[in-house]
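What follows draws every value from the coordinates through simple rules; no lab data is involved. Note that the structure is a prediction, hence the values are computed from the model and not measured. In this analysis, Cβ positions are derived from the backbone assuming ideal geometry, glycine residues included, and neighbour counts consider all displayed protein chains.
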């Protein structure tokens, strides 16, 4: 049997983009799982952000897609064409797990949840033409999961990646992680993680855990202590919370994380507006003093970028200016995204009465306003986030932030700072130009 796994494009209306500098992790893990369960299957991986995927030329017996919300329209259209030509299609991922009944008419089968415990059955049933409508994967143990298969791409990537845990103990209303991956955190054996990173040919990595140290500070200290002993000449960045900086072992945590090659973290500041923080149920993630936590991380030689949502229904126009002032005060950059209520989250149910009618899922991309606001129009919010991004990522500001990172992290934390900020600023500028062209056409 021939199996093609496709990572859908993020571009608007399914247009091909430059894509991310990291290979789609889910597909590489599925490839590893496939080789373990059915080594006879002929595998092809396609990153539709970087290469064309023509459903009319696909000769696979089974085509699989993992779907995020803004990718759903492209996936549904493509899946319909494949099925019209007699191909079998399997859909999985966060969006179809949240809305399996919506996705089902576009597929022969839907995977709800994670695939480790059911993927072998899916492949067996597909080879016999007896696929079930739904397979429920649940929350399996991640001990002994197969290593990702990294040698099937036609494209190249700057970063490798590694995963050490799944699940999140926090209950933020805007996030689907605790619902999709569970509130009880599952950890991989530390030695498995260390061996996988050491075996990789990559030098730069993305730690793809939703929280690289907040699931368990004690366990993270142990992990990074072991990585610092074995991992040489490799560096990485990831996402983290701020409340862990209140932990008694936080100094040890930062010391060993830096020793393990951590150069930068995207921390969940979430919002500058206290009302929004309450609405997002994100207050407990912030700790006693957010500003002191950031200074503490940077003093350890680790660069910091703030993940911030803007334009929520509690936010006001002044909050956009507040983020500019905050970044200038702390000499850090931010990744501002439009507050987006994704299906399957509490925020989606809260914002459902205010959603703008007629918008497709591809509008839920973190750039556009998809709901009405008490005081700001969608256009005002979209223009405000574009201006904010433009102000944050000027070359002088990027260079100034780099110079403020502690010399403990020199030179890799400083290099990483540039490698993250400059491409991000360039991408934001590209989006601003495309947005301007759309507005002219309308």
Point to revise | Residues in the stretch 370-394 that a label on residue 324 would reach, taking backbone N under 19 Å of a point 7 Å out along Cα→Cβ | key: 376-377, 379-394
Study note, to complete from the structure: For the pair residue 117 and residue 226, the simple spin-label estimate (label points 7 Å beyond Cα toward Cβ) gives in nm 2.4 nm
Practice item. Over every pair of different alpha-carbon atoms in the stretch 154-258, take the mean of 1/r and invert it; report that Kirkwood radius in Å. Key: 14.5 Å
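Rounded, prolate or oblate: which fits the chain when a ≥ b ≥ c are the square roots of the eigenvalues of the alpha-carbon gyration tensor, with rounded for a/c under 1.5 and prolate only if a/b beats b/c?
Numbers: a/c = 1.66, a/b = 1.20, b/c = 1.38.
Taking the square roots of the gyration eigenvalues as a ≥ b ≥ c, the chain is oblate.
Length gain on complete extension for the stretch residue 299 to residue 101, per 0.36 nm per residue less the alpha carbon to alpha carbon distance? Don't jump to the answer; show the numbers that get you there.
Numbers: separation 198, 0.36 × 198 = 71.28 nm, distance 4.94 nm.
Length gained between residue 299 and residue 101: 66.3 nm.
Using helices alone, I'd like the mean residue ellipticity at 222 nm for the chain: each DSSP H run of four-plus residues gives -39500 (n - 2.57), total over residue count, nearest 500. Walk me through the intermediate numbers first.
Details: 16 runs with 173 residues, N = 442.
Using -39500 (n - 2.57) per qualifying helix, the result is -12000 deg cm²/dmol.
Ranked by Cβ crowding within 10 angstrom, fewest neighbours first, how are 356, 111 ordered? Working shown, then result.
On the way: 356 12, 111 23.
In order of increasing Cβ crowding within 10 Å: 356, 111.
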Practice item. Grab the beta carbon distance between residue 201 and residue 399, set R0 = 25 Å, and tell me the FRET efficiency rounded to 0.05. Key: 0.20
**Study point:** FRET efficiency, 1/(1 + (r/R0)^6) with R0 22 Å, evaluated for residue 81 and residue 372 via beta carbons
**Key:** 0.05
**Study point:** P(r) weight above 19 Å for the stretch 1-126, C-alpha pairs, percent
**Key:** 43 percent
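When DSSP assigns beta bridges and you keep just the ones with both residues in the chain, what percent turn out antiparallel, to the nearest 5? Present the calculation step by step, with values, prior to reporting the outcome.
On the way: 3 of 49 bridges.
Rounded to the nearest five, the antiparallel share is 5 percent.
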